[in-house]
Amino acid sequence: MKSITSAERSYFAGHFDGEGCLSIWGNKSHGFGVHARVQLCYKPTILYYQEFFGGSVYKVKIKSEKHKQAWIWEVCGRTAVARFLIAIEPYGQEKVAQVSLTLNFLTIALDRSPYPKEILDIETQLKFLKKQEFN
């Protein structure tokens with residue numbers, strides 16, 4: 001993975017604000033998971049994410065000939081997601097609360113197992129933030 005400039009961090013933060021997704025999931029018996037992902041039709045941008053932050057690139061199955069080929073970049077796991085979010089956090093605009101909440105979740109989750117109540121609360125808050133509408 002390449003080192004990253006502040007201009008590149010700003011680019012990724014703005015792009016992720018518009019096109020990205022953060023998810024936390026889990027339960028008391030199986031623990032938790034976290035990922036950041038972006039889905040686009042323009043593969044060079046997807047590969048750009050991977051170049052700087054690692055992760056995986058997947059080809060999306062086309063459901064109809066009306067749709068263009070889409071690609072997903074996804075980074076999973078505590079350390080990888082934290083590294084990505086810390087890089088973009090100072091430059092974000094729209095997903096500031098989601099990024100902050102996910103970083104808080106990762107701090108709690110690194111030190112605790114099994115699935116504590118605080119993690120369930122954060123998971124619920126993140127789902128709520130995703131449903132907010134902005135005027």
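The values are calculated or read from the model by the stated rules, or taken from the named source; none is laboratory data. Fair warning: this is a prediction, and the values are worked out from it, not measured in the lab. Note: ideal-geometry Cβ built from the backbone for every residue, glycine included; neighbour counts use all protein chains shown.
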Take A97 and decide whether it is in a helix (DSSP H, G or I), modelled with pLDDT of 75 or more and small (G, A, S). yes
Among the residues of segment 1-20, write down those that are in contact (Cβ under 8 Å) with a residue 60 or more places away in the chain, surrounded by 13 or more Cβ atoms within 10 Å (Cβ to Cβ) and out of contact with any Gly (no Cβ under 6 Å at 6 or more places or on another chain). I4, R9, S10, F12, G14, F16, G20
Residue identified as out of contact with any Pro (no Cβ under 7 Å at 6 or more places or on another chain), among the aliphatic types (A, V, I, L, M), over 20 Å from E89 (Cβ atoms) and at pLDDT below 95 among I24, I4, I62: I62
Looking at segment 54-99 only, could you name the residues that are among the polar types (S, T, N, Q) and exposed (fewer than 14 other Cβ atoms within 10 Å of the Cβ)? S56, S64, Q69, T79, Q93
All positions within segment 21-36 that are loosely packed, with under 13 Cβ neighbours inside 10 Å and either under 11 Å from the mean Cα position of the chain (by Cα) or part of a helix (DSSP H, G or I) (or both): none
Among residues of segment 43-53, those that are surrounded by 12 or more Cβ atoms within 10 Å (Cβ to Cβ), more than 14 Å from C21 (Cβ to Cβ) and not charged (D, E, K, R), counted: 6
Cross-chain or 6+ apart pairs with Cβ under 6 Å, segment 37-53 first and assigned to a loop (DSSP other than H, G, I, E, B), then surrounded by 14 or more Cβ atoms within 10 Å (Cβ to Cβ): C41/A70
Condition set in contact with a helix residue (DSSP H, G or I) (Cβ under 7 Å, 6 or more places away or on another chain) and at pLDDT below 95, scope segment 27-38, selection nearest to D121 (Cα to Cα): answer is F32
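Quick grid of which residues meet (1) closer than 16 Å to G18 by Cα; (2) acidic (D, E); (3) touching a His at 6+ places or on another chain (Cβ under 7 Å):
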position: V60; (1), (2), (3): no, no, no
position: G77; (1), (2), (3): no, no, no
position: I88; (1), (2), (3): yes, no, no
position: E94; (1), (2), (3): yes, yes, no
